[in-house]
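Each remark here refers to the structure printed beneath this line.
Values quoted throughout were computed directly from the atomic coordinates according to the rules given, and no laboratory measurement underlies them. Not measured: the values here are computed from a predicted model. Note that we place each Cβ from the backbone using ideal geometry, even for glycine, and neighbour counts take in every protein chain shown.
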There are 2 protein chains.
Amino acid sequence: MQNGLNLMKDLSIQSSTKIVLLVVDGLGGLPVDDSRKTELETANTPNMDRLAFDGNCGLLQTVGIGITPGSAPGHLGLFGYDPLSFVIGRGVLEALGMDFDLKPGDIAARGNFCSLDAQGLISDRRAGRISTEEGKKLCSLLDGMEIDGIKVIVQPVKEHRLVAVFRGAGLDDELADSDPQLLGVPPKAVAPLDPKAAHTARIVNQFLAQVRERLSSHHPANMVLLRGFSKRPDFPGFEDVYKLKSAAIASYPMYRGLAKVVGMDVLKTGPHLSDELATLEQNYSRFDYFFLHVKGADAAGEDGDFKRKVSVIEEVDRALPRILGLKPDVLIITGDHSTPAAMSAHSWHPVPCLLYSKYCRPDGISKFGESQCRTGSLGQMPASSLMPLAMAHAFKLTKFGA
Amino acid sequence: MQNGLNLMKDLSIQSSTKIVLLVVDGLGGLPVDDSRKTELETANTPNMDRLAFDGNCGLLQTVGIGITPGSAPGHLGLFGYDPLSFVIGRGVLEALGMDFDLKPGDIAARGNFCSLDAQGLISDRRAGRISTEEGKKLCSLLDGMEIDGIKVIVQPVKEHRLVAVFRGAGLDDELADSDPQLLGVPPKAVAPLDPKAAHTARIVNQFLAQVRERLSSHHPANMVLLRGFSKRPDFPGFEDVYKLKSAAIASYPMYRGLAKVVGMDVLKTGPHLSDELATLEQNYSRFDYFFLHVKGADAAGEDGDFKRKVSVIEEVDRALPRILGLKPDVLIITGDHSTPAAMSAHSWHPVPCLLYSKYCRPDGISKFGESQCRTGSLGQMPASSLMPLAMAHAFKLTKFGA
């Protein structure tokens with residue numbers, strides 16, 4: 001176990017206090033005009049501003065200066081797991097997020113139906129985004145093959161997306177993607193990244209050959225691209241490390257999967273923020289720690305839609321009284337990474353963070369936003385320091401040394 | 001030796017300059033009302049404020065973000081020793097603080113006289129806080145036993161507190177406490193934490209059985225609880241690492257003990273700040289480095305007494321001209337941890353720090369307090385970086401590399 005987690009394991013104690021981590025996915029941003037204000041700074045957020053005044057602000061670095069985190073390292077950092085030490089494959093995340101029951105030794109891959117042209121070159125990496133219904137039908141054509149004693153389970157995710165799980169003895173996940181992430185080239189044969197994965201690579205390639213045959217008459221979805229081959233990691237869990245009964249409330253599968261990897265209970269919820277809040281309220285007495293995930297800000301950022309991202313943030317602000325009504329001992333509002341609308345993508349910019357409890361030393365900050373966070377008392381800290389700080393403010397850590 | 005200390009050992013040089021480290025124990029705090037000012041910010045401290053203006057300010061992190069340090073890690077950090085790498089047992093600290101001459105191989109434990117009821121269950125972990133005089137008498141009943149060739153020395157500390165030292169060949173300190181830290185349960189038998197400590201555990205348990213017999217008629221002090229079994233650690237010393245002739249001036253035993261562990265000379269002094277200052281003045285020519293410890297601020301904080309903590313800080317401020325009269329080349333004012341009166345306990349909040357020398361780049365800070373320290377040029381740095389900085393400002397380090 002990593003040093004920081006060991007220290008948490010040594011010092012953490014059970015208590016009745018409660019921590020709520022509200023992750024506004026992709027929260028950090030950039031200005032797009034002469035106002036020089038980011039999405040968060042443009043948004044009207046009276047509730048966040050009040051919490052900033054009473055709490056502590058800062059900027060989080062997830063992986064390292066200049067490094068743009070994906071969603072998995074972004075969240076692992078917030079959960080206290082150094083993302084350079086704790087790595088989860090994309091295939092595993094996708095599988096866990098569908099509530100797929102991954103067994104130890106299973107290899108999961110994320111898949112796309114794609115279109116091949118007459119020459120066998122990729123003409124559309126997403127097969128024209130076929131409907132979820134169509135994806136489901138096509139997956140049933142591929143599900144359940146058995147190759148050299150290895151079972152291959154193929155499950156639809158959404159639209160053109162699927163998960164393939166290879167189950168059986170002696171599999172290894174050190175495999176390169178078959179998805180070249182380019183158009184006009186053929187899918188790649190899956191290559192072993194380590195000699196010990198050669199056997200698994202042969203099986204995956206045999207599977208892909210059969211997929212091509214079975215889908216040949218199903219253009220535009222006449223092939224599958226696989227990436228992110230991975231085994232479920234064996235991370236120390238939240239209860240073991242922090243002695244927390246923890247719950248995840250997230251309407252998107254990947255975030256639920258991520259929470260499962262660190263041992264959180266995943267609560268059933270609906271697609272809207274109001275559904276997530278109702279789930280929080282209904283389950284508030286049962287857990288010590290809640291991870292509440294809001295996807296909309298990231299989606300708007302990815303779409304380059306500054307205004308929509310502003311309005312998602314304002315919606316979150318309006319929802320805060322419902323959370324505060326529960327009187328959490330510690331409330332954290334932050335993101336897993338920045339997604340500036342100006343870039344239509346995740347970015348490396350550090351993420352604004354607000355921690356509120358009764359035991360915060362005043363910052364003198366009056367508005368929750370990137371500029372003021374830069375001068376806040378959390379400074380610019382590793383995202384993985386957030387959990388120790390939350391635990392401290394919730395009186396869930398004993399003193400170190402006499 | 002830890003990396004940072006190795007670098008100090010390589011670069012440090014003897015010189016005639018002098019460093020004074022003034023530790024105001026528990027200095028950092030929290031506001032208790034709408035003034036939003038901590039104890040230090042509330043205190044009238046014209047001398048500290050002047051030093052802050054001429055010197056550099058910052059906030060110290062001792063163990064890590066969110067981690068509340070005990071007194072030992074708090075001080076080790078200020079002395080330049082990473083508290084996660086250098087750990088001292090409580091028994092050793094207590095023994096050293098009484099000027100007990102611990103031999104290599106001795107095992108020291110901290111003890112309490114306690115009260116057992118008729119069923120042998122603990123009814124008072126402190127035996128009604130018997131007088132120091134009474135504690136002394138009872139210790140003399142227990143001192144000097146010999147068990148299987150191991151001598152047991154029992155010395156009174158204060159009121160119900162004592163130190164037990166086990167002396168002889170082949171002892172091991174991997175032992176669990178006999179103190180369950182609970183009422184209504186019997187004292188625990190001392191358990192070995194490692195098989196190699198089984199022999200020592202048997203001896204300690206035989207000792208405790210005899211203690212119970214000898215104290216049977218001495219209710220409320222009819223038993224002893226032991227904890228913090230430990231051997232004196234073999235840390236690299238101040239002279240070896242920094243080439244400093246160093247002295248500690250502290251009226252409380254634990255801080256003297258801590259200073260001894262890193263090889264400082266402990267100077268005799270009285271109970272008041274004025275006594276400590278007189279000791280400093282009388283010995284100023286004999287040493288290069290002085291650690292001056294003021295306990296009152298921590299005690300007031302632990303008592304939840306904001307006003308008293310403010311007045312202790314003001315008393316320290318009024319004493320500063322006596323220290324400045326000696327013209328130290330470097331004067332540092334800081335704490336070993338925060339003890340906010342609002343929490344009546346040590347806390348994780350970083351500790352305000354002021355370093356004054358003629359060679360400080362101006363900070364633009366006009367008041368020594370947590371808020372301004374947050375914007376000071378020392379930033380938020382590990383406490384163990386303070387010694388390199390003090391050494392540098394005292395011209396006691398050579399250049400690194402050609």
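Data table
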| quantity | calculated |
| --- | --- |
| Coil-residue trypsin sites (Lys or Arg not before Pro) of the stretch A:21-71, DSSP, other Cβ within 10 Å capped at 12 | A:36 |
| Euclidean distance of C-alpha centroids, the stretch B:284-362 and the stretch A:334-380, integer Å | 32 |
| Two-decimal Rg/Rh across the stretch A:278-391, once Rg and the Kirkwood Rh are taken from alpha-carbon atoms | 0.96 |
| Average other protein chain Cβ within 10 Å of Cβ, residues A:359-371 | 3 |
| For the stretch B:101-230, convex hull of alpha carbons as volume per residue, Å³ | 92 |
| Long-range HN-HN contacts of residue A:247 with modeled amide H, under 5 Å | A:265, A:289, A:290, A:291 |
| Vicinal HN-Hα couplings computed from phi for the stretch A:244-260 (Karplus, 6.51 cos²θ - 1.76 cosθ + 1.60; Hz; Gly/Pro x) | 9, 7, 10, 9, 10, 10, 8, 8, 9, x, 4, 6, 5, x, 4, 5, 5 |
| Stokes-Einstein translational diffusion, chain B - Kirkwood Rh over all Cα pairs, 0.890 mPa s, 25 °C, in µm²/s | 110 |
| Inter-copy separations for residue B:141, label at 7 Å along Cα-Cβ, nm, ascending | 9.1 |
| Distances in nm from residue B:381 to the matching label points in the other copies, shortest first (labels 7 Å along Cα to Cβ) | 1.9 |
| Residues with amide H under 5 Å from that of residue A:177, placed H, sequence gap 5 or more | A:228 |
| Computed magnitude of the charge dipole of chain A (debye, nearest 20; Cβ of K, R +1, Cβ of D, E -1) | 500 |
| Furthest towards positive pole of dipole, A:120, A:321, A:388, structure part the protein assembly as shown, Cβ charges | A:388 |
| Using a 7 Å Cα-to-Cβ projection, residue A:85 label spacings across copies, nm, ascending | 1.7 |
| Selected from A:178, B:77, B:132, residue furthest toward positive end of dipole (the protein assembly as shown; charges at beta carbon) | B:132 |
| Hull volume in cubic angstrom per residue (convex hull over the Cα atoms of the stretch A:1-54) | 164 |
| Cubic angstrom per residue, convex hull over Cα atoms of the stretch A:170-297 | 170 |
| Potential extension, residue B:182-residue B:85 segment - 0.36 nm per residue separation minus Cα distance | 31.9 nm |
| Percentage, to the nearest whole number, of Cα pairs in the protein assembly as shown over 43 Å apart | 42 |
| Cα centroid of the stretch A:32-46 to Cα centroid of the stretch B:157-176, whole Å | 63 |
| Positive-end residue, the protein assembly as shown charge dipole about Cα centroid, Cβ charges, pick of A:95, A:192, A:360 | A:360 |
| Dipole in debye (nearest 20) - the protein assembly as shown, about Cα centre, beta carbon charges: Lys, Arg +1; Asp, Glu -1 | 560 |
| Entries in A:103/A:188; B:245/B:268; B:103/B:158; A:158/A:295; B:37/B:307; A:18/A:396 that, when Cα-Cα distance is taken, lie over 18 Å | A:103/A:188; B:103/B:158 |
| Karplus-derived HN-Hα couplings along the stretch A:382-396 (A = 6.51, B = -1.76, C = 1.60, θ = phi - 60°), whole Hz, x at Gly and Pro | x, 4, 6, 7, 5, 4, x, 5, 5, 4, 4, 5, 8, 6, 10 |
| 3J(HN,Hα) from dihedral phi, the stretch A:333-340, Karplus parametrisation 6.51/-1.76/1.60, rounded to Hz, x for glycine, proline | 10, 7, x, 8, 5, 8, 9, x |
